[in-house]
1. What's the Cα-based Rg to Rh of the range 105-177, Rh via Kirkwood?
2. Please state, as a whole number in µm²/s, the translational diffusion coefficient that the Stokes-Einstein equation yields for the range 16-91 at 4 °C and 1.567 mPa s, with Rh defined as the Kirkwood radius across alpha carbon pairs.
3. For a protection proxy built on the mean count of beta-carbon atoms within 10 angstrom, sort 74-84, 117-127, 170-180 highest first, please.
């Protein structure tokens, strides 16, 4: 993003120093990804992360009072300036607005298993689902929702999968502790079955879920 200053604009100095909340707003505006509070404090020349969090509350209060289209949300271990959800349908008609993430029921099921059981190996996912999941995991990786996070220390050293920072952004989560309680028990990676192939599950026609990507 380019910044412009006219010839008549005053040079930065004590007399023209913007307020702390204005500096924070500018830093949020320039950040395309959720930014940790400590980083925002450094960018906006603020005291610490605690001041950032206090000013975010002030900023959101100002937005609410003026019925602004914007809000600051805490997501993926940081803060991000976003538009309110009710503007989504209108914004999708504009250029360069991110498209929805479309997931089949099978992909959502696989993603949920990875999210709740990570780090997890493929055979553990397949044992829980009762179906082959290699292709689905690759699709989720292509969409930057799942990534390789390591290898299990056992013969063959199978790959461990986990969710990405974009997963948190797409689903509006501050971190993994914000996931809804599962209420069901699923086997841990080391309890996975053998490498025996399972039949892939079929999705019903039209069985897709659209998730808005920020």
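1. Numbers: Rg = 11.7 Å, Rh = 12.3 Å.
That ratio equals 0.95.
2. Details: Rh = 12.6 Å.
Calculated translational D: 103 µm²/s.
3. Numbers: 74-84: 19.2, 117-127: 21.6, 170-180: 14.5.
Put in order of decreasing packing, that is 117-127, 74-84, 170-180.
No value in this document is a laboratory result; all are computed from the given coordinates. Note that the coordinates shown come from a computational prediction; the quantities given were computed from them, not determined experimentally. Quick reminder, even Gly has a Cβ in these numbers, built from the backbone with ideal geometry, and neighbours come from all protein chains shown.
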